[in-house]
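K.L.:
Dropping a structure here in structure tokens format, bear with me for questions.
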Amino acid sequence: MAQANPLHTRLCEAYGVEYPIVAFAHTKDVIAAVSRAGGIGVLGAAGLDPEEIRSAIHWIRERVGDRPFGVDLLLPASFVEGNAEDLEAQIPDGHRVFVQRLKSEGNIPDPKPLDKPPTSGIGPDMLRRARAQLDVIFEERVPIFASALGSPAFLIERAREAGAPKLWGLIGLPRQARREIEAGVDVVIAAGSDAGGHSGSIGTFSLVPEVMRLARGTNTLVLAAGGVTTGAHVAAALALGADGVWCGTIWQATNESETEPFQREQLLRSNSEDAVQSRASTGKPVRMIRSKWSEAWKQPSAPEPLPMPLQGMLVADIQRAIKDHRVEDWQGVPSGQGVGAITTVKHASQVVLDMAEEALGTLERLRVEPVEA
Ligand SMILES: Cc1cc2nc3c(=O)[nH]c(=O)nc-3n(C[C@H](O)[C@H](O)[C@H](O)COP(=O)(O)O)c2cc1C
């Protein structure tokens, strides 16, 4: 009797794809390559303004045709609200003095002047800006919309009103998962603390089965995220009951990624111990490769990072300066703890195929033959 393909999960069935592998990346070329290779690419668009999002969607659609792809925004369910002036007033002087000290001790020059005010990113009017980004995503009828950081309630309503095809939500806690499942999201991405970028405190191995139990008997599918870098990780995620995987770090080490070459080098030489969590960049924990930036905020003299979006506002200029002037030892690329498994740079399509092949091989090796009567 022919064996069923263990990689053909409910996700593959629902989305008409070959592999249960989803790529989160900021480079549209990665997204197109992954969707064309039989996975699903989801573009991180939080840093793009609405018209940039529109042209990225057109670019991807021209390359992937009817294959599914998605767009992701960072929409926190909890943060400090207020206008820019009120929020600026909430930043303590001691924090500003500390950032100035880092700037002078690190010989970090001033940032280059901006030619236009930022229209995206983490700041005082992030939700207003996110609404404008959302309008484009829904107008363009992107097949999948994903939202990180717990999703504010308005989003789910807005998506339903717009007849958004599929709604996915990233969560780091079971209670967030419960809320999203009750709201009827199509896919919950259970992102363990191993994950690169914003990440919580519960490991992938513990979080995924708990979320699976919450989703049982509903129409919501569950993806495992956080530390998924190899085919063995994919096999482990399926063993935990997940319908597929969502990975981020690995795509930064692909030929198509716009990740800076020095950041790729950081990934190639790092292991799990180097991928530390810090609240210094946004106010919520972000996992990134250790650098002078993350270390500076761990000094005993460092203040406690502020909540979102105050911390992002406090450090916006120094972070821009670090990027503008390519101050490499002060930049740690966001990375998950699975980084130790990244040893070469490949094409994104090859990553998909290698992961699938290794996952199949792993599952085959573990297959227990029925005992002969
Ligand atoms: C460079 C980088 C940037 C990220 N930015 C976002 C983001 O803007 N929105 C989002 O939903 N998740 C973001 N994430 C988190 C990913 O969606 C995903 O949860 C994570 O990468 C999975 O863990 P892994 O990195 O171990 O594969 C980012 C991850 C990385 C590595």
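The values are calculated or read from the model by the stated rules, or taken from the named source; none is laboratory data. None of these values were measured; they are calculated from a predicted model. In this analysis, Cβ positions are derived from the backbone assuming ideal geometry, glycine residues included, and neighbour counts consider all displayed protein chains. Note: accessible area is taken over every heavy atom of the protein model, side chains too, but ligands, DNA and RNA are not part of it. Shrake-Rupley method; radii C 1.70, N 1.55, O 1.52, S 1.80 Å.
K.L.:
Just to be sure I understand the curve: with the Debye formula and one point per C-alpha of the chain, what is log10 I(q)/I(0) at q = 0.08, 0.13, 0.15 Å⁻¹?
P.N.:
-0.39, -1.06, -1.42
K.L.:
Take residue 91 and residue 55, extend 7 Å from each Cα along the Cα→Cβ direction, and tell me the distance between the two endpoints in nm.
P.N.:
Taking the simple label geometry, residue 91 and residue 55 are separated by 3.0 nm.
K.L.:
Please compute the modelled spin-label separation between residue 216 and residue 161, points set 7 Å along Cα→Cβ, answer in nm with one decimal.
P.N.:
Label at residue 161, label at residue 216, 3.7 nm between them.
K.L.:
Between residue 141 and residue 328, what is the label-to-label distance in nm when each label sits 7 Å out along the Cα-to-Cβ direction?
P.N.:
Modelled inter-label distance: 4.7 nm.
K.L.:
Using unit Cβ charges (K, R positive; D, E negative) and no other charged atoms, how large, in debye to the nearest 20, is the dipole of the chain about its Cα centre? Please report the intermediate quantities before stating the final value.
P.N.:
Numbers: 38 positive and 47 negative charges, 61 e Å.
Computed about the Cα centre, the dipole is about 300 debye.
K.L.:
Mark the label point 7 Å from the Cα of residue 269 along Cα→Cβ and return the residues of the stretch 312-352 whose backbone N is within less than 20 Å of it.
P.N.:
Counting only backbone N, you get 323, 326-346.
K.L.:
Here's something else I'd like to know. Could you give the accessible area per residue of the chain, probe 1.4 Å, as a whole number in Å²?
P.N.:
Details: 17090 Å² over 373 residues.
Ligands and nucleic acids excluded, the result is 46 Å² per residue.
K.L.:
If every alpha-carbon in the stretch 15-90 counts as one equal scatterer, what log10 I(q)/I(0) does Debye give at q = 0.22, 0.24 1/Å?
P.N.:
The Debye formula, applied to the Cα set alone, gives -0.91, -1.03.
K.L.:
Students often forget the sequence filter, so: which lysines lie under 24 Å Cα-Cα from residue 323 once same-chain residues fewer than 8 apart are removed?
P.N.:
28, 103, 112, 116, 284, 292, 298
K.L.:
Could you let me know the centre-to-centre spacing of the stretch 189-220 and the stretch 311-353, using Cα atoms, in angstrom?
P.N.:
The distance from the Cα centre of the stretch 189-220 to that of the stretch 311-353 comes to 23 Å.
K.L.:
With unit charges on the beta carbon (Lys/Arg positive, Asp/Glu negative), name the residue among 294, 134, 181 whose Cα is farthest towards the positive pole of the charge dipole of the chain.
P.N.:
With unit charges placed on the Cβ atoms, the residue in question is 181.
K.L.:
Here's a follow-up. Percent of accessible area on the chain owned by carbon and sulfur, 1.4 Å probe? Write out the running numbers ahead of the final one.
P.N.:
Details: 8650 of 17090 Å².
Answer for the chain: carbon and sulfur cover 51 percent of the accessible area.
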